[in-house]
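Worksheet for the structure shown next.
Please treat every number below as a calculation from the coordinates, not as lab data. It should be emphasised that the depicted structure is a prediction, and the values quoted were computed from it without experimental measurement. Note: ideal-geometry Cβ built from the backbone for every residue, glycine included; neighbour counts use all protein chains shown.
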Amino acid sequence: MNGPSLDHQYAQVDGHSIAYLEQGEGPPVLLVHGIPTSSLLWRNIIPSLARSHRVIAPDLLNYGKSDKPRDADVSIRAQCKMLLGFMNALGIRKADVVAHDIGGGIAQLLAVGSPERVNRLVLADAVCFDSWPIPEFKPLQAPGAEEQMSVAEFEQMHRDFLPKGMHDQNAATPELAEMILEPWKGEKGKQAFFRNLRRLNPEYTLAIADELKHLPHETLILWGKHDAFQKPEYAEKLRDAIPNAQLEWVDSAHWITEEQPEEVANILNRFLARELNN
């Protein structure tokens, strides 16, 4: 990250240190990442949104520079509770929520369980219904998978994983792979990552599937039309399930903020610039 405005800050939530990036002033926007990324997923989006908003991107518990406690619940249900605590710690009563991958699952739980805390909702290549965990992760959830993988094999797996989520392979640079890998390096990083893997469970998004039709929020479904991880048909299913939802496609695969950062920022700015109906 370049510049003091995008240095990580820290908030205490339920006894844990949660790292976050913050820039700008105005109505608050929360940017929520997924797995295996961190708040840095949004590094190319934050400056544009920060021209008109207070933009805050936390590292989820057990991700990025946030604490990685050995015994914490890191399911999306627990992360939703953490996100509410994070909002409280920063004095944010209500925010626009933009969320990617499992962050999108967290955002759905937040919108269903605490609708008064959400202004607008953006679900970008989000886990939903029974769309997850992706097939690439399922073998890693098997008993003994962690013990059978060396640290070197684990780190190489991360480097090899990045191009699978890209339509434009030129965007899958070694520098980007190293940035994503950095929080997971070494034995402790490997252990933390496997703790996250073991809590990837569609029961949480399936449990609220029938409640999505009651969401009052203006919602944008933003999706890479070549996404092999969260299939495009799930974007359409989400759009049809949420009453005030629209769908916009991006010419990319899963990592839309890496392949098309300018387009994604422009779409988000247009959406967030609208006056709320309520």
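List of remarks:
- Distance from segment 1-61 to segment 150-224 (C-alpha centre basis), Å: 17
- With at most 14 other Cβ atoms within 10 Å, longest stretch of the chain clear of loop GluC sites (Glu not before Pro) (DSSP): 137-274
- Cross-linked pairs LYS65/LYS94; LYS94/LYS188; LYS185/LYS237; LYS138/LYS188: Cα-Cα separations exceed 29 Å for LYS94/LYS188; LYS185/LYS237.
- Listed residues ASN244, VAL264, LEU197: farthest to the positive end of the dipole of the chain (Cβ charges): ASN244
- Computed label-point distance, nm, for sites GLU262 and GLN169 using a 7 Å Cα→Cβ extension: 2.5
- Estimated from helical segments only, the mean residue ellipticity of the chain at 222 nm is -10000 deg cm²/dmol, where each DSSP H run of four or more residues counts as -39500 (n - 2.57).
- Cβ charges +1 (Lys, Arg) and -1 (Asp, Glu), total dipole of the chain, debye: 660
- Overall form of the chain per C-alpha gyration tensor (a/c, 1.5; a/b vs b/c): rounded
- Sites excluded, trypsin sites (Lys or Arg not before Pro) in DSSP loops with at most 10 other C-beta within 10 Å, longest stretch of the chain: 94-273
- Ranked list, fewest to most other Cβ atoms within 10 Å of each Cβ, for PHE86, PHE161: PHE161, PHE86
- Projected label distance in nm at ALA152 and LEU247, using a 7 Å step from Cα toward the beta-carbon: 4.6
- Cα gyration tensor, segment 193-278 - rounded (a/c under 1.5), prolate or oblate: oblate
- Relative contact order [Cα under 8 Å, 6+ residues apart], the chain, whole percent: 19
- Selection among LEU220, PRO36, ASN88 by position relative to the dipole of segment 4-273 gives ASN88 as farthest towards the positive end (Cβ unit charges, Cα centre).
- Legend: calculated FRET efficiency, SER114 to LYS231, from the Cβ-Cβ distance at R0 = 30 Å, rounded to 0.05, equals 0.60.
- ASN88-ARG159 FRET efficiency (beta carbon distance; Förster radius 35 Å; 0.05 resolution): 0.40
- Compared with the alpha-carbon gap, the fully stretched path from SER52 to ASP73 is longer by 4.1 nm at 0.36 nm per residue.
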